[in-house]
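First up is the structure itself, then whatever we jot down about it.
The values are calculated or read from the model by the stated rules, or taken from the named source; none is laboratory data. Given the structure is predicted, the values throughout are model-derived calculations rather than measurements. Here the Cβ positions follow ideal geometry from the backbone for every residue, glycine too, while neighbour counts run over all protein chains shown. Ligands, DNA and RNA are stripped out before the accessible areas are found, and what is left, the full protein with its side chains, is counted by its heavy atoms. Shrake-Rupley method; radii C 1.70, N 1.55, O 1.52, S 1.80 Å.
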Amino acid sequence: MAIRLLDDATAARIAAGEVIERPASVVKELVENALDAGATRIDIEIAGGGSELIRVVDNGAGIAPGELELAFERFATSKVDETSDLLGIATLGFRGEALPSIASVSRVEASSRPADEDAGERLLLEFGEREEFGKTGVPAGTSVTVRGLFSNVPARRKFLRSPGAELGRIQSLVTSYALVRSDVAFRLGADGRQRLVTPGGGDLRGAVAGTYGARIAEAMLELPERELFPDGEAITFAVGGLTGAPSTSRGNRRFITLGINGRWIQSKRITYAIEQAYHGFLGARRFPIAVVLARMPLNDVDVNVHPAKTEVRFLREDLVFGGVQRAVRSVLISNAPVPSFRPTSPSHTFAGVGGTGSVGRSIVNAPRTDLEQNPLWPSRNETVSPGGFGTGTDSGREVGSTEIPVRLPGGDHGQTQRETLPVLRLIGQAQETYLIAEGPDGVYLIDQHASHERIRFEEITRALNTGAPDAQQMLEPEPVALEPRQEELLADQGDLIAGLGFVVESFGPGTALIRGIPRMLADRTSTAGDAFRGLLDEVASGGRNDAWRERLIATLACHSSVRAGMQLTDDEGRALLRSLEKADQPHTCPHGRPTMIHMSQVDLERGFGRR
Ligand code: ADP
Ligand code: MG
């Protein structure tokens, strides 16, 4: 074939492949246009997963008379001109490609009227060709309806998934915009059913309620808007938003939503920063719900990486990473609710313990594995609760969401406040692993290792913060052989290791001499060398951020704690309870596992059929 220029329709269809991949891409482009037009209300209607119909109606600025047809020309945009700085773009779109791309693969009906015009215009296009055009009476704003998407590109249609799955993607997308732009009221309906409604007006909690449900919204913790000023520079970097109480975690990352300067973005690094902030608050493979919104200078973020992707690049990634992580972490630490666990229904309560209905016997005699299968154990057996609304097959956000039942003092369900432990009276020890205690409201089973870990963790953190390590001199200094990598780490992290209470000296190449160890390790570890090497391993497996420091503390806490299978004297048991009562977060160990199971008076009475 000879070389020739493509005709417009073919060029547009090829370009459409880049921007418009599936129904959700159409929704993304139309919603972004509405936001760029300053809309405060955006209404989205979907039929047949978007293949049949997508309609986006906004109350924004509208398109001036005589420009509606132009808007559907390639590279027609009102958002940039020759003088624009492409790195500092504040609008979501600017390429002028979306409308022509959509029009080339569907039948489009568009109408628009700026508020100060008497009449609007209406345009009908079929696969990019004009079918009808005229003046019309329409409400102020813009309405774009897309029918029969990809009906002229069967190859692309084949790649679409089921209508339910495509709708799931659309809902997930609209959820992200609704959360990041809580100043705008969103509504999403599909096949005659309402899927999502948010109030607008900047009500972020209301937006969470409208997308994830009222219960989750209530339990979200506020990230107070904090301004950060990187050294020596007059730039503003602020973080705010809402982050989920640890009790409302999820099984995947899709409930973490990020916004930068009012733009929904995706960033693996920042998502990871948020996950790391929850370290110690959530169990393994649990992820938080969060809406983290940041502001920074426009030319600090490069949003121009790919036309259809939301992944961005940051000029100062470490600043953003650290700022987000600290903001989330400090909120969690200052007011995370510490849940007290309870069964959701009496029939559930003791079913896992052999179904005998006899609490006392089960607790004391049940083999360990039975106890771990007990539905009281939240990290393994969660009560599935319906999300805010049902969804299609795999939107991902709603399917499989679970919630740990949480009870707070005064029956204030869902509210977040700190819960300290009441004074507990030791009754005894079971299976050389659990302490049994009685409090003002019922009976507590306490995991001796997990709770000692928590106590140690807080002790070590305090010691590190005050810079007063409690080291114990060894009678005999102990030499440890080190690999080159470990030697390097020791040189790098010497201060931190000394801060923990290790007194280490270099002893020629490949060897270090341990002269002192943290006092709390003194009577727990067989050899100081083992603990020390374990520590270096832990440092070695860490990344660049703060999280490994915490893992380090957790490791040391673990090494220095009583184990399961150790018999405790009554005095030791009581001392453990006293320390636990004083802990800041008595209900979870540093790894996020519960330290105790509480059976309230009411639970007991129900279990025994007394009420
Ligand atoms: P871009 O958004 O990159 O400019 P589009 O093809 O999406 O390109 O839109 C072309 C132009 O049409 C926009 O620049 C804008 O002027 C106008 N437009 C599109 N949608 C709307 C809308 N909902 N309200 C007002 N103007 C709109
Ligand atoms: Mg656009």
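In this structure the amide hydrogen of residue 223, modeled in the peptide plane, comes within under 5 Å of the amide hydrogens of 241, 242, 243, none closer than 5 places in sequence on its chain. The gain in end-to-end length when the residue 252 to residue 465 segment is fully stretched comes to 73.3 nm, 0.36 nm per residue minus the alpha carbon separation.
Taking square-rooted eigenvalues a ≥ b ≥ c of the alpha carbon gyration tensor, is segment 8-208 rounded, prolate or oblate, where a/c under 1.5 means rounded and, failing that, a/b exceeding b/c means prolate? Cα axes put segment 8-208 in the rounded bin. Dividing the mean sequence gap of close Cα pairs (under 8 Å, 6+ apart) by how many residues segment 214-335 holds gives a relative contact order of 30 percent.
Hey, can you rank 506-517, 440-451, 424-435 by average C-beta count inside 10 Å, highest first? Display every interim value, and only then the final one.
Details: 506-517: 15.7, 440-451: 20.7, 424-435: 17.9.
In descending order of packing, they fall as 440-451, 424-435, 506-517.
Quick check on packing: order 42-49, 26-33 by the mean number of other C-beta atoms within 10 Å, highest mean leading. List each step's numbers first, then the result.
Values: 42-49: 22.0, 26-33: 24.5.
Put in order of decreasing packing, that is 26-33, 42-49.
Using the Cβ-Cβ distance between residue 7 and residue 81 with R0 set to 25 Å, the FRET efficiency from 1/(1 + (r/R0)^6) comes to roughly 0.40.
Quick one: dipole size for segment 8-208, taken about the Cα centre, charges +1 on Lys/Arg Cβ and -1 on Asp/Glu Cβ, in debye to the nearest 20.
Details: 24 positive and 30 negative charges, 217 e Å.
That gives a dipole near 1040 debye.
For the pair residue 158 and residue 608 in one chain, pulling the backbone fully straight at 0.36 nm per residue adds 156.1 nm over the alpha carbon distance. Working from label points 7 Å from Cα in the Cα-to-Cβ sense, the residue 119 to residue 91 distance is 2.7 nm. Remark: spin-label model distance residue 191-residue 261 equals 4.0 nm, labels positioned 7 Å along the Cα→Cβ axis. A cut-off of 5 Å between modelled amide H atoms, ignoring neighbours fewer than 5 places along the same chain, links residue 471 with 519.
Among 478-486, 267-275, how do they line up from the highest to the lowest mean number of other beta-carbon atoms within 10 Å?
Values: 478-486: 14.8, 267-275: 19.1.
Averaged packing, sorted descending, gives the order 267-275, 478-486.
Sort 466, 10 by accessible area with a 1.4 Å probe, largest first. Intermediate results must be reported in sequence, preceding the final value.
Working: 466 105, 10 45 Å².
Ranked from most to least accessible, the order is 466, 10.
In this structure the amide hydrogen of residue 237, modeled in the peptide plane, comes within under 5 Å of the amide hydrogens of 228, none closer than 5 places in sequence on its chain.
Shown for segment 214-335: the carbon plus sulfur share of the solvent-accessible area, taken with all protein chains present and a 1.4 angstrom probe, equals 51%.
To the nearest 10, the accessible area of residue 591 is 90 Å² with a 1.4 Å probe.
Remark: the residue 205-residue 40 segment gains 57.7 nm on full extension, using 0.36 nm per residue and subtracting the alpha carbon distance.
Spin-label model, residue 537/residue 581: points 7 Å from Cα along the beta carbon direction are separated by 3.8 nm.
State, as an integer percentage, the relative contact order of segment 8-208 based on alpha-carbon contacts under 8 Å between residues 6 or more apart. Intermediate values should be presented prior to the final figure.
On the way: 431 pairs, mean separation 49.2, N = 201.
About 24 percent, as a whole number.
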